[in-house]
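To start, the structure itself, in structure tokens.
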Amino acid sequence: MQVSQLVVVCVFLIFILVRSRVFAKNVNYDHVRHSLDPTPFPHSFKCFTCEKAKDNYHCNRWAEDKWCPQYTHFCKTVHHFNNHGKSMSVTKKCAIKEECHNLGCLHRKDSGHTECVSCCDGMICNVDVPTNHTNAVFSIMKSYRKSDACRSTSYSIILVSALLILLLLKP
Ligand SMILES: *[C@@H]1O[C@H](CO)[C@@H](O)[C@H](O)[C@H]1NC(C)=O
């Protein structure tokens, strides 16, 4: 192989690497499904947010669609319901780690009401309300932002490796 050929190949490989870096960054910081709304800072996310709505439907329907503050990391949901399972109040908010330490359900004998608290990690992950010990837990939303970036980065590594092997095999 001649030197000029090598230079061209190197420039091409660097171009691919830089391009994939830029692409990975975009995917990482700019959630695809909400890309119309510019993200305020890296790893920003949204939660359904409501204060003492009468049930989950009314919470989600009127919930403010806004970015969580930078110091919060999770979405928290507090659900009060009576002993027939009817919702009495739903509160959803952005939360810091400490607010997600006491999760689960508490039954109050005096009022006959139950309070279930759950937290989750992910873009608008607090759609549902917790109703029992199975779902009043901490959950991590699947298909989170980072996975997309990882996939595109590993894709470009495979591409570059394949090109290098091809060039090395060339007589
Ligand atoms: C908890 O609630 C969910 C949703 O209402 C239900 O599917 C599940 O069976 C319940 N689990 C228990 C242990 O009651």
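Overview of results
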quantity: Failed item in (1) out of contact with any Phe, Trp or Tyr (no Cβ under 8 Å at 6 or more places or on another chain); (2) assigned to a helix (DSSP H, G or I); (3) buried (at least 19 other Cβ atoms within 10 Å of the Cβ), with residue 61 passing the rest; calculated: (3)
quantity: Subset tally (residues that are farther than 20 Å from residue 50 by Cα and of a type in the set (Val, Ile, Thr)) for segment 104-139; calculated: 1
quantity: Of all residues in segment 115-139 being in a strand (DSSP E or B) and away from the ligand (no atom under 12 Å from the Cβ), the one that is farthest from residue 70 (Cα to Cα); calculated: 115
quantity: Verdict on residue 111 being more than 15 Å from the ligand (Cβ to nearest atom), part of a loop (DSSP other than H, G, I, E, B), surrounded by 11 or more Cβ atoms within 10 Å (Cβ to Cβ) and modelled with pLDDT under 95; calculated: yes
quantity: Test: residue in segment 148-170 that is away from the ligand (no atom under 15 Å from the Cβ), at pLDDT below 85 and closer than 23 Å to residue 53 by Cβ; calculated: no
quantity: For residue 118: the one exception among (1) modelled with pLDDT of 85 or more; (2) out of contact with any Pro (no Cβ under 7 Å at 6 or more places or on another chain); (3) buried (at least 17 other Cβ atoms within 10 Å of the Cβ); calculated: (2)
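The values are calculated or read from the model by the stated rules, or taken from the named source; none is laboratory data. In this text the structure is predicted, and so the values were computed from the model without any measurement. Neighbour counts are summed over all protein chains in view; Cβ atoms, including those assigned to glycine, are modelled from backbone coordinates with ideal geometry.
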